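Here's the structure, in structure tokens; my notes come after.
The values are calculated or read from the model by the stated rules, or taken from the named source; none is laboratory data. Small disclaimer: the values here were computed from a predicted structure and weren't measured. In this analysis, Cβ positions are derived from the backbone assuming ideal geometry, glycine residues included, and neighbour counts consider all displayed protein chains. Keep in mind that these areas ignore ligands, DNA and RNA; they rest on the heavy atoms of the full protein, side chains included. Shrake-Rupley method; radii C 1.70, N 1.55, O 1.52, S 1.80 Å.
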Amino acid sequence: MSLAPTLPRLRVLATGGTIAGAQTKGTRGYQAAAFSVEALIAAVPQLEVEQVAALGSQDMDESTWRKLAARTQAALDSSDIAAVVITHGTDTMEETAFFLNLVVRSAQPVVLVGAMRPATAISADGPMNLYNAVAVAAHAEARGRGVLVVANDEIHFAREVAKTNTTQVGTFRATARGLAGLVLAGVGDGNLGAVALAAAAEAAKNGVAVVRSSRTGGGVVERNLEIDDDRHGFIVADELNPQKARVLLMLGLTRTCDVGTLQEMFFTY
Ligand code: SIN
């Protein structure tokens, strides 16, 4: 009788990106997606691999997304594959992770992984990221959590993760602590459902500057029209769209946290 543990079988789907990139000159320039997935997994052997695409993720398009989703689903539907790891460029990884999170139907783990430094770089982060991604994908607690992103010794949910820095290996961030401001792209006159309204009111009570803007794309969000801004301590964006409201709030918060003064800025600028 063999006492060897049965290890889960994982499939790696490769799409390119810096994790498969090769430097062309010095320590800066490089070509994304230069290495095959076989070369990549030499650092993490004993994985099944499939090259789905070989591109920089700025070129990740809908047809590649559909192919990737189909290959992911097919792997998860086959009885002998426990989880899928996807190597991907970091530039648009958050979009692909969110897309797969919405369309792939399985409780089995799907983990996206990339690298900020090409495979030939000094201190390349790809091999360790890939190793960690495989370890997460093989772990029982990764089941039922939707699509995950693993980078720089961290695990992120697809819904929350975003690339936040052009070069740093710790570029991926999820729900920030110590939030100073929050812009809500509400419906109609910057309106919110009851649950979101209660959460926003709680945030404002805890000192977060909460701005109500509208997702409609035009018009003015008025104070105290349908929502009691005075009572909740909210700021209204007036006629600024959510993107611009965010910019103004960021700048405003460098000067003051006072809700009344911030509101004046939204009426002024
Ligand atoms: C890409 O997104 O394909 C290039 C950048 C990266 O992978 O970090």
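Overview of values
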{"quantity": "Some residue of the stretch 135-150 being touching a helix residue (DSSP H, G or I) at 6+ places or on another chain (Cβ under 9 Å), at pLDDT below 90 and closer than 16 Å to residue 15 by Cβ", "calculated": "no"}
{"quantity": "Qualifying positions in the stretch 123-139 - more than 16 Å from the ligand (Cβ to nearest atom) and either out of contact with any Pro (no Cβ under 9 Å at 6 or more places or on another chain) or open to solvent by less than 40 Å² (accessible area, probe 1.4 Å) (or both)", "calculated": "131, 132, 134, 135, 136, 137"}
{"quantity": "Any hit, the stretch 75-93, residues being within 16 Å of the ligand (Cβ to nearest atom) and open to solvent by 50 Å² or more (accessible area, probe 1.4 Å)", "calculated": "yes"}
{"quantity": "Test set (1) open to solvent by 20 Å² or more (accessible area, probe 1.4 Å); (2) within 11 Å of the ligand (Cβ to nearest atom); (3) touching a residue at least 40 places away in the same chain (Cβ under 8 Å) - residue 59 fails condition number", "calculated": "(3)"}
{"quantity": "Filter pass, residue 40 being crowded, with 21+ Cβ neighbours inside 10 Å, modelled with pLDDT under 75 and either among the polar types (S, T, N, Q) or in the same structural domain as residue 121 (by TED's automatic domain parsing) (or both)", "calculated": "yes"}
{"quantity": "Enumeration of residues in the stretch 153-176 that are more than 8 Å from the chain's Cα centre (by Cα), surrounded by 14 or more Cβ atoms within 10 Å (Cβ to Cβ) and not in a strand (DSSP E or B)", "calculated": "169, 171"}
{"quantity": "Answer residue from the stretch 216-269, given it is basic (Lys, Arg) and closer than 20 Å to residue 202 by Cα and is least open to solvent (accessible area, probe 1.4 Å) among those", "calculated": "223"}
{"quantity": "Long-range neighbours under 6 Å by Cβ, at least six apart or interchain, first residue aromatic (Phe, Trp, Tyr) within the stretch 229-252, second outside any helix (DSSP H, G or I)", "calculated": "234/210; 234/212"}
{"quantity": "Qualifying residue in the stretch 215-227 (condition: among the basic types (Lys, Arg), out of contact with any Cys (no Cβ under 7 Å at 6 or more places or on another chain) and not in a loop (DSSP other than H, G, I, E, B))", "calculated": "no"}
{"quantity": "Any chance residue 254 is modelled with pLDDT under 95 and under 30 Å from residue 135 (Cβ atoms)", "calculated": "no"}
{"quantity": "Of all residues in the stretch 44-56 being at pLDDT below 90 and open to solvent by less than 60 Å² (accessible area, probe 1.4 Å), the one that is farthest from the ligand (Cβ to nearest atom)", "calculated": "48"}
{"quantity": "Residue pairs meeting the criteria (Cβ under 9 Å; at least 6 apart or on separate chains; first more than 12 Å from the ligand (Cβ to nearest atom), in the stretch 6-19; second of a type in the set (Val, Ile, Thr) and part of a loop (DSSP other than H, G, I, E, B))", "calculated": "8/81; 9/81; 10/81; 11/81; 12/44"}
{"quantity": "Extreme residue, farthest from the ligand (Cβ to nearest atom), among residues of the stretch 99-120 that are assigned to a loop (DSSP other than H, G, I, E, B) and open to solvent by 20 Å² or more (accessible area, probe 1.4 Å)", "calculated": "107"}
{"quantity": "Sole exception among (1) more than 25 Å from residue 144 (Cβ to Cβ); (2) modelled with pLDDT under 90; (3) not in a loop (DSSP other than H, G, I, E, B) for residue 63, by number", "calculated": "(2)"}
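Table: residues versus (1) within 24 Å of residue 164 (Cβ to Cβ); (2) in contact with a strand residue (DSSP E or B) (Cβ under 6 Å, 6 or more places away or on another chain).
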site	(1), (2)
106	no, no
118	yes, yes
123	yes, no
132	yes, yes
136	yes, yes
143	no, no
147	yes, yes
